[in-house]
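One structure is given here, and the rest of the page talks about it.
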Amino acid sequence: MASIEMRNIVKKYGDGFPAVNDVSMDIADGEFMILVGPSGCGKSTLLRMIVGLEDITSGDMVIGGNRVNDKAPRERNLSMVFQNYALYPHLSVFENIAFPLRLAKAPEDEVKRKVTEASDVLELGEHLDRKPANLSGGQRQRVAMGRAIVRDADAFLFDEPLSNLDAKLRGQMRTEISRLQRRLGITTVYVTHDQTEAMTLGDRVCVLRKGVIQQVASPRELYEQP
Ligand code: ADP
Ligand code: ADP
């Protein structure tokens, strides 16, 4: 687990207007932070800079007390769940979940134990031999979650993980993510367009607009009108 501190983060693509413009924010160890705001306000860019998929133009990104500006994604020990789940089509569910452990060259018995644990939590035990193409949207989403929790990451990053699911599944997965995060107590940054997700999942909600933080507040302060 680790806190995430952003100090005056700026991101410019080319010479355009900054996509992220002087963002400073402290996300506490174990906190669930939601990022909301209109399309193009810089949510994905911010998430990608936390993970290391995007260079920071200026400012400091500090994770668990260490400045990580110059660290590659795999040196940051973070788990990201993408909107499209980014599963490997030629690999089984087991191997998709195991992927980060294989990269880390974990021993076979550890891989087996951790994948089994993750798939039990996510009720994927019966599907471990299947390929992603033969899974429902909800199951695919769970495989992506499995891959995120299988290693002991310092933080979870979610980029609209439920936006491709129908309303019923979205509700189920919302409950599941909430349960999982509280159980694991892992620092989480979660991008969404969905107010219900923001309200049910977030400890705090950060509202971005044109690359600038408009406000950071609890879901109650933000959404419950007097
Ligand atoms: P969303 O609104 O769902 O976040 P976008 O359409 O904004 O998706 O972005 C999809 C991908 O395209 C991202 O990887 C983003 O970095 C990239 N992208 C977004 N805007 C531009 C742009 N103006 N030029 C090049 N790539 C872009
Ligand atoms: P959001 O996730 O809130 O929809 P993004 O972070 O994707 O916003 O985009 C923020 C701004 O940066 C937008 O104006 C977008 O067009 C621009 N942008 C994003 N990715 C790229 C890219 N790879 N190249 C150029 N511009 C980009």
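Grouping the Cα pair distances of the chain into 10 Å bins from zero gives a pair-distance distribution of 8, 33, 36, 19, 4, 0 percent in increasing distance order.
Taking the DSSP bridge list for the chain and keeping only pairs wholly inside it, about 50 percent are antiparallel.
Equivalent ellipsoid of region 85-198: semi-axes from √(5λ) of the C-alpha gyration tensor, largest first, are 23, 17, 12 Å.
Taking Cβ atoms as reference points and 13 Å as the exclusive limit, the residues near residue 218 contribute a net charge of -2, counting Lys and Arg as +1 and Asp and Glu as -1.
One way to sum up the overall shape of region 175-226 is the equivalent ellipsoid from its Cα gyration tensor, whose semi-axes run 21, 14, 10 Å, largest first. With q set to 0.16 Å⁻¹, the log10 of I(q)/I(0) for region 1-98, from the Debye formula over equal scatterers at the Cα positions, is -0.75. Based on C-alpha pairs under 8 angstrom that are at least 6 apart in sequence, region 126-226 has a relative contact order of 21 percent. Phi-derived couplings, Karplus 6.51 cos²θ - 1.76 cosθ + 1.60 at θ = phi - 60°, listed residue by residue for region 183-191: 5, 7, x, 8, 3, 9, 10, 9, 8 Hz, with x used for Gly and Pro.
Sequentially through region 38-50, phi angles give Karplus couplings (6.51, -1.76, 1.60; θ = phi - 60°) of x, 3, x, 7, x, 4, 5, 4, 4, 4, 5, 6, 5 Hz, Gly and Pro residues having no value and appearing as x.
Between amide H atoms placed 1.01 Å from N, distances below 5 Å from residue 155 occur with 79, all of them 5 or more places distant or on a separate chain. The loop-placed GluC sites (Glu not before Pro) in region 1-66, going by DSSP, include none that has at most 14 neighbouring Cβ atoms within 10 Å of its Cβ. Over region 108-164, the reciprocal of the mean inverse Cα-Cα separation, the Kirkwood hydrodynamic radius, stands at 12.1 Å. With 0.36 nm allotted per residue and the present C-alpha distance subtracted, the residue 209-residue 178 stretch has 8.6 nm of extension available.
The radius of gyration of the Cα set in region 62-118, together with its Dmax, comes out at 13.7, 38 angstrom. Scalar couplings 3J(HN,Hα) for region 145-155, obtained by applying the Karplus form with A = 6.51, B = -1.76, C = 1.60 to θ = phi - 60°, are 5, x, 5, 6, 8, 5, 9, 7, 6, 7, 7 Hz; x denotes Gly and Pro. When peptides 62-73, 152-163 are ranked by their average number of other Cβ atoms within 10 Å per residue, the highest-first order is 152-163, 62-73. Note on residue 131 and residue 7: the model spin-label points, each 7 Å out from Cα along the C-beta direction, lie 4.9 nm apart.
Summing charges over neighbours of residue 55, with a neighbour being any other residue whose Cβ is under 11 Å away from its Cβ, gives +1 when K and R count +1 and D and E count -1. Relative contact order, whole percent, for the chain stands at 30, derived from Cα pairs under 8 Å and 6 or more residues apart.
Read the figures in this text as sums done on the coordinates, not as results from a lab. Given the structure is predicted, the values throughout are model-derived calculations rather than measurements. Cβ: placed from backbone, ideal geometry, glycine included. Neighbour counts: every protein chain shown.
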